[in-house]
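Notes for the one structure printed next.
The values are calculated or read from the model by the stated rules, or taken from the named source; none is laboratory data. Predicted model only: the values in this text are computed from it and were never measured. Cβ coordinates were reconstructed from backbone atoms using ideal geometry, including for glycine residues, and neighbour counts include every protein chain displayed.
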Amino acid sequence: MTTTYTGVLRKMRTHADDNNNVHYTLPIGDENVDINALIGNEISLTYNGEINCVHCNRKTKKSFNQGYCYPCLISLAQCDSCIIKPEKCHYHEGTCREPEWGEAHCFNEHFVYLANTGTVKVGITRQITDGVSTRWMDQGATQATVMLRVPDRLTSGLVETLCKEHIADKTNWRTMLKGKPEDVDLLQVKQELLEKIATNLDALKQEKGLQAVSEVTTTTHDIHYPVNDYPVKIKSLNLDKDPSFSGVLKGIKGQYWLLDNDRVINIRKFAGYNATLTC
């Protein structure tokens, strides 16, 4: 017996259970589909030729920034370049696209973290829920630990910039999808990194206030993904070029489905696409 779901795709929602096993739900139209339950089964996904902006729902011929139409891309604060590079926050200059949005999302606690996504990277996140950040799960991190707490997004970006001189801030998605990486002593990496940035971090504290940046004492979180088999030679699927595919779902990691024959697809990339899922 097959089941069909049709509607606009959104990025998969994630949550971790008490053992840090990641569970995925796919919003499609008005439904929320348990994707973990489909692992090992034959599925198919077909793009129906329409895209709706994930913010304003208007039809758009092209998706920008993982689901937005062009007018939203150039007008929303959440699509501004400072979201990718928070050290370039310009709220204090009076030029924020949406000051109220900025006040709600950028002027609250942020955390600078280390994660193992195949190689160790530094990053920032706004929320830590039950010990595991959604951001870590979206990036496919198998280990993560919080390093520092800061009062706002701008400060988190400035700290991240100091760290980027010594450690990567990007996830290599191909490396992330090729298997479970070897464990790393993130607490040791954390201490070594803090020593390397100590002088510049002290200068930042003098500028922002001594309490603006504080070290967080925490453990390393091991995160587990529902994957039966990893791809050997990755073949990326693109709904714009191949609007329909089918195959056995081998696993899920980050925002990717891992299918048979080494095929993968980044579901988040196609947020806003009207599609039909058959499973």
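Filtering region 35-69 to residues that are farther than 10 Å from Gly272 by Cα, in contact with a strand residue (DSSP E or B) (Cβ under 6 Å, 6 or more places away or on another chain) and either without any contact (Cβ under 8 Å) to a residue 60 or more places away in the chain or of a type in the set (Val, Ile, Thr) (or both) leaves Ile35, Ile39, Ile43, Thr46. Checked against (1) within 18 Å of the chain's Cα centre (by Cα); (2) exposed (fewer than 15 other Cβ atoms within 10 Å of the Cβ); (3) more than 30 Å from Leu258 (Cα to Cα), Asn172 passes all but condition (3). A search for C-beta distances below 8 Å between a residue of region 203-222 that is within 25 Å of Val120 (Cα to Cα) and any residue that is in a strand (DSSP E or B) and among the small types (Gly, Ala, Ser), counting only pairs 6+ apart in sequence or on different chains, returns Thr220/Ala144; His221/Ala144.
Do you know which residues across region 150-169 are of a type in the set (D, E, K, R), surrounded by 17 or more Cβ atoms within 10 Å (Cβ to Cβ) and more than 23 Å from Gln66 (Cα to Cα)? Don't jump to the end; show me each part of the working.
Looking only at region 150-169, we keep the residues that are of a type in the set (D, E, K, R), and these are 152-153, 160, 164-165, 169.
Going one step further and asking which of them are surrounded by 17 or more Cβ atoms within 10 Å (Cβ to Cβ), we end up with 152-153, 160.
Passing the criteria: Asp152, Glu160.
Checking Arg97, Arg126 one by one, the residue that is outside the structural domain of Ala16 (by TED's automatic domain parsing), surrounded by fewer than 19 Cβ atoms within 10 Å (Cβ to Cβ) and either within 13 Å of the chain's Cα centre (by Cα) or among the aromatic types (Phe, Trp, Tyr) (or both) is Arg126 and no other.
No other residue among Ile197, Ile265, Ile252 is crowded, with 18+ Cβ neighbours inside 10 Å and free of Cβ contacts under 8 Å to residues at least 40 places away in the same chain apart from Ile197. When region 102-117 is filtered for residues that are modelled with pLDDT of 95 or more and more than 18 Å from Ala212 (Cα to Cα), the ones remaining, listed by number, are Leu114, Ala115, Asn116, Thr117.
So, Asn274, is that one surrounded by fewer than 17 Cβ atoms within 10 Å (Cβ to Cβ) and more than 21 Å from the chain's Cα centre (by Cα) or not? It is false that Asn274 is surrounded by fewer than 17 Cβ atoms within 10 Å (Cβ to Cβ) and more than 21 Å from the chain's Cα centre (by Cα).
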